[in-house]
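Report on the structure given below.
The values are calculated or read from the model by the stated rules, or taken from the named source; none is laboratory data. Keep in mind the model is a prediction, meaning the values are calculated, not measured. Note: ideal-geometry Cβ built from the backbone for every residue, glycine included; neighbour counts use all protein chains shown.
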Amino acid sequence: MSGLEAGGDRLAAWDAEIDAFVRDGLEARGMSPETVRAYAADLAALSRFADARGIRTPDAMRPSDIRAYLADCTQRGQARTTVARRLSCFRTFFDFLMERGRVTSNPAEPVSMPKRERRVPDFYYQEEMRVLLDSVDGDDVWSARDRALLEFLYATGVRVSECVALNRGDIRWSEGAVCVFGKGGKERWVLFGRQALHWLQVYLQRRDEAGFQNEALFINRRGSRLTDRSVRRILDHHIDRVAGLHRISPHVIRHTFATHLLDGGADLRVVQELLGHVSLSSTQIYTHTTRERLVRIYQRTHPRA
């Protein structure tokens with residue numbers, strides 16, 4: 001038997017448990033495809049690490065083994081957020097195995113979660129955002145799509161994955177609202193204003209005139225649904241056409257949305273609900289951004305600052 005075949009036999013027990021977890025513990029509970037892929041990759045890496053240490057089955061895993069794996073991740077320069085995500089994945093995996101009677105204890109539970117870095121999110125100032133949006137010009141359907149897409153992301157603060165999953169029927173035109181399915185399949189309603197409404201209507205009218213019949217709200221030139229990667233390319237294209245704008249990811253528009261709401265006096269819990277955050281602590285990071293802005297304005301304008 002070759003070494004590769006032997007390795008496959010040794011990992012068979014891990015593979016069977018991971019497959020069951022992905023099927024019955026993640027997909028059956030409506031987890032997003034991105035989450036499923038990330039968890040499966042994390043567990044595959046753990047199984048390879050376990051095999052190298054002679055741990056043939058998940059029930060033989062101990063807290064010291066989990067700590068050793070996470071320490072190895074840290075030594076290889078992986079971010080604390082990544083290490084924390086993997087530990088969370090392992091806890092969920094072994095909880096699932098405990099429920100199925102496959103293990104008697106959760107070896108990841110006693111392991112301490114690494115402290116996460118509290119980074120202030122990047123964002124565009126209001127004038128920068130206005131310049132970017134106004135730079136999207138042209139009379140064709142694709143220019144209208146790009147303007148509608150960026151206006152919509154900024155007006156709603158939705159995640160890009162949520163945006164590209166939307167269908168035309170999800171829009172409530174009379175209410176200026178849209179039904180979004182977030183992480184874990186949770187439904188929420190978000191609002192959008194006059195500018196986003198206007199450009200969505202322009203885009204869809206020109207799209208209909210061009211003969212594109214598709215339930216997806218945002219489509220590519222082939223008439224298929226846009227992907228996350230396509231949205232990044234569209235954003236990069238328009239940023240590169242504006243002098244002085246630094247490149248951002250589409251997710252930064254979500255940060256910009258939250259920051260500008262708080263700058264305008266919005267209640268933190270309202271912003272939490274619009275963003276779809278389960279915990280208020282996830283939203284509170286934006287208060288650091290608004291406080292820093294207030295400090296800069298104070299120091300620049302007060303005669304005795």
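Give the number of residues within region 19-42 that are out of contact with any Cys (no Cβ under 9 Å at 6 or more places or on another chain), of a type in the set (S, T, Y) and in a helix (DSSP H, G or I). Can you show your working first?
If we filter region 19-42 for residues that are out of contact with any Cys (no Cβ under 9 Å at 6 or more places or on another chain), which is where we start, we get 19-37, 40-41.
Then drop every residue that is not of a type in the set (S, T, Y), which leaves 32, 35.
Applying the additional criterion that residues be in a helix (DSSP H, G or I) yields 35.
So the count comes out to 1.
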>> Test of understanding: among G193, G157, which residue is touching a residue at least 40 places away in the same chain (Cβ under 8 Å), more than 14 Å from I219 (Cα to Cα) and touching a helix residue (DSSP H, G or I) at 6+ places or on another chain (Cβ under 6 Å)?
In response: G157
> Can you tell me which residues in region 211-235 are exposed (fewer than 12 other Cβ atoms within 10 Å of the Cβ), in contact (Cβ under 8 Å) with a residue 12 or more places away in the chain and under 20 Å from I171 (Cβ atoms)?
Replying inline: E215
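So which of G211, G184 ends up being part of a helix (DSSP H, G or I) and on the phi > 0 side of the Ramachandran plot?
Values: G211 fails: part of a helix (DSSP H, G or I).
None of the other options fit; the residue is G184.
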> So which residues in region 124-177 are of a type in the set (F, W, Y), at pLDDT below 95 and closer than 15 Å to Q205 by Cα, if there are any at all?
Replying inline: W173
>> Filter region 72-83 down to the residues that are touching a helix residue (DSSP H, G or I) at 6+ places or on another chain (Cβ under 9 Å) and in a helix (DSSP H, G or I) and list them by number.
In response: D72, C73, T74, R80, T82, V83
>> Could you check region 186-234 and list, in sequence order, the residues that are among the hydrophobic types (A, V, I, L, M, F, W, C), at pLDDT below 95 and under 18 Å from the mean Cα position of the chain (by Cα)?
In response: W189, V190
>> Any residue in region 236-263 that is closer than 12 Å to Y125 by Cα and surrounded by fewer than 21 Cβ atoms within 10 Å (Cβ to Cβ) sitting within a Cβ distance under 7 Å of a residue that is charged (D, E, K, R) and at pLDDT 90 or above? List the pairs, counting only those 6 or more apart or interchain.
In response: L245/E128
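Criterion first (under 17 Å from the mean Cα position of the chain (by Cα) and aliphatic (A, V, I, L, M)) does L166 satisfy it? Talk me through it step by step, then tell me what you get.
Working: under 17 Å from the mean Cα position of the chain (by Cα): yes; aliphatic (A, V, I, L, M): yes.
Yes.
Considering each of L235, L204 in turn, give the residue that is over 16 Å from L153 (Cβ atoms) and assigned to a helix (DSSP H, G or I). It would help to see each step written out before you state the result.
Values: L235 fails: over 16 Å from L153 (Cβ atoms).
After applying the criteria, what remains is L204.
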